[in-house]
1. For the Cα atoms of chain B, what angle does the longest principal axis make with the long axis of helix B:186-209, in degrees from 0 to 90, nearest 10?
2. Take every Cα-Cα pair in chain A and report what % of them are more than 22 Å apart.
3. Using only Cα atoms, what Kirkwood radius does the protein assembly as shown have, in angstroms?
4. What number comes out for the charge environment of B:TRP194, summing +1 per Lys or Arg and -1 per Asp or Glu over other residues with Cβ under 14 Å away?
5. Please list the three semi-axes, largest first and in whole Å, of the ellipsoid equivalent to segment A:36-76, using sqrt of 5 times the eigenvalues of its alpha carbon gyration tensor.
6. Please work out whether segment B:13-219 counts as rounded, prolate or oblate from its C-alpha gyration tensor, where a ≥ b ≥ c are the square roots of the eigenvalues and a/c under 1.5 means rounded, while otherwise a/b larger than b/c means prolate and anything else oblate?
7. From the Cα gyration tensor of segment B:190-275, with a ≥ b ≥ c the square roots of its eigenvalues, which class applies: rounded if a/c is under 1.5, or else prolate if a/b is larger than b/c, or else oblate?
8. Roughly what % antiparallel, to the nearest 5, for the DSSP beta bridges in chain A?
Amino acid sequence: MLTVDNLSAGYGPVPALDDVSLTAGHGEITAVLGANGAGKTTLLRTISGLVRARSGTVSLDGRPLTGVSTEDLPALGLAHVPEGRGVLAELTVEENLRLGALGSRRKTTAADLRRIYDLFPVLAERGTGLAHVLSGGERQMLVIGRALLSRPKVLLLDEPSLGLAPKVVVQIFELLRGLVRDDGLTVVLVEQNARSALSIADHGVVLNLGKVVVRDDAATLAADDGLRHAYLGF
Amino acid sequence: MQQLLTTVLTGVTLGVVYAAFALALVLIWRATRIVNFAQAPMAMITTYIALVLIDAGYSYWLGFAAALLSGLVLGAVVERFVVRFVSGKSEINAVILTLGLFIVLHALAAIVFGSRYRSFPAPFGLRGFQIGDTTIALTGFGVFTVVAVAVVMVGLVLLFRGTDLGLRMRASAFNQEVSRLLGVKVGRMLTLGWALAALVGSLSGLLIAGGGLVHPSYMDGVVVYGFVAAVLGGLDSPVGAVVGGLLLGLSLSLVSGYVGSELVPLAALVILMAVLLLKPGGLFASVRERRV
Ligand SMILES: Nc1ncnc2c1ncn2[C@@H]1O[C@H](COP(=O)(O)OP(=O)(O)O)[C@@H](O)[C@H]1O
Ligand SMILES: [Mg+2]
């Protein structure tokens with residue numbers, strides 16, 4: 001479970017994140033929605049320590065992450081797939097995956113790789129080739145697979161649907177749903193694509209100008225016409 | 001025929017040394033986008049350390065090992081306590097800092113070791129091998145030079161391609177932020193990268209010095225050739241640095257053998273300009289885009 005309490009952060013005098021609180025429950029998908037510039041990426045980057053929090057706290061299963069450096073988070077069970085995906089294109093697919101396991105200070109086993117290749121068969125074909133040749137959808141699968149190899153308790157995903165064909169988005173989101181159901185993974189799903197995100201999320205939080213404006217069950221949010229028009233654009 | 005053989009052999013021996021120096025530059029460039037101008041004086045300092053030991057009566061090999069080891073330490077110290085200081089700011093700050101270090105190390109060497117010319121030994125001899133009754137331009141030290149550089153290169157390949165540490169180092173070089181999110185201690189990897197680069201630089205310093213004279217600026221000419229070799233290979237590619245070094249060594253040896261040795265620096269400049277004009281990314285430029 002990931003708990004964010006009264007988190008504020010920013011890049012200059014203007015706060016990009018203003019007193020944000022949220023709880024991502026164990027075995028649930030929590031969607032973080034909002035327009036471009038709402039502060040979604042900043043929220044994830046502050047959780048990961050890439051952006052320094054001005055105030056507030058983040059804790060993982062009750063353990064405060066204040067003062068924990070970004071590099072130590074995977075070993076504690078927090079995986080963050082950044083916006084733009086973060087494929088290391090100069091490395092092979094398999095090397096990317098091995099880095100995932102290294103993050104939790106373990107060696108990659110053959111069983112580890114097989115598990116990921118079973119989830120994403122296309123990656124198996126690409127294993128020894130450079131990740132550079134992967135398509136957008138394959139890259140997203142690679143970074144999710146890589147994150148899973150660090151055996152996360154909580155997975156932060158920043159706009160996984162960005163730039164992907166709708167069919168691929170459906171495929172990846174269904175797979176996420178399955179991982180949450182079968183492995184008890186906790187997911188914080190940042191999306192501008194609110195409709196798709198709410199279709200698999202349990203709860204949703206809507207950000208606007210760095211503040212939480214609404215939080216509710218995903219179904220309730222999806223059914224709220226006023227909200228949809230005001231913040232979610234569908 | 002004899003002339004060509006001589007030219008090629010001289011070119012290869014010279015080329016591997018340029019290759020080593022170029023590799024030292026490339027290792028740092030690809031990880032930090034910094035051209036380390038201090039590489040030459042760093043190698044000069046470590047060669048002096050070897051010389052002091054050798055002159056004190058210790059064996060060449062002890063001096064050799066001490067130089068490589070101090071290269072490792074010096075590289076780590078420079079990264080951790082000089083370059084880290086300006087990290088996160090524009091890379092130009094760090095580059096200027098390495099230029100400053102260039103001057104400081106020169107001055108320091110002149111004070112500590114003196115600025116007179118001192119001869120540096122070369123193991124395995126400097127006499128050409130005999131084939132029948134002709135002497136060829138390959139010396140015992142020449143063979144040692146090629147083998148030493150080859151051993152270090154193979155070692156680096158094994159480290160980078162075959163170990164988890166090497167994988168972490170490569171990841172840090174390509175994308176620091178993503179690497180940190182994957183649990184890689186990027187700072188440590190950078191320190192280690194500078195240390196290894198300085199070790200390779202020290203090796204080239206020892207090999208240039210072998211059988212020649214050492215003084216505080218004896219490495220400065222090598223910077224130019226090493227840099228041209230690195231650019232020839234694409235600056236980003238360790239393999240390119242090695243191939244670039246060999247090509248440059250061969251070309252310059254050809255120029256020196258057939259045209260005139262006084263034209264060598266000019267030839268290096270012409271090669272540099274030709275590469276920058278015709279193939280600015282270097283011969284090994286990857287078509288891949290690099291996220292900076
Ligand atoms: N590196 C940065 N430097 C300065 N301002 C930034 C930076 N990144 C984001 N911002 C600003 O912070 C606000 C929130 O951005 P972001 O978190 O990227 O939003 P979202 O991910 O919801 O699109 C925006 O106003 C954006 O312009
Ligand atoms: Mg964003």
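The values are calculated or read from the model by the stated rules, or taken from the named source; none is laboratory data. Everything numeric here is computed off the predicted structure, so don't read it as measured data. Every residue, glycine as well, gets a Cβ built from its backbone with ideal geometry; the counts of neighbours run over all protein chains shown. All accessible areas refer to the heavy atoms of the entire protein, side chains included, with ligands and DNA or RNA removed. Shrake-Rupley method; radii C 1.70, N 1.55, O 1.52, S 1.80 Å.
1. The angle comes out at about 10 degrees.
2. Working: 13648 of 27261 pairs.
Percentage above 22 Å: 50.
3. 25.7 Å
4. Values: positive: B:ARG30, B:ARG33, B:ARG80, B:ARG84, B:ARG188; negative: B:GLU79.
Net charge around B:TRP194: +4.
5. Details: eigenvalues 69, 25, 18 Å².
Gyration-tensor ellipsoid for segment A:36-76: 19, 11, 9 Å.
6. oblate
7. Numbers: a/c = 2.26, a/b = 1.25, b/c = 1.80.
Because a/c hits 1.5 or more and a/b fails to exceed b/c, segment B:190-275 counts as oblate.
8. 55 percent
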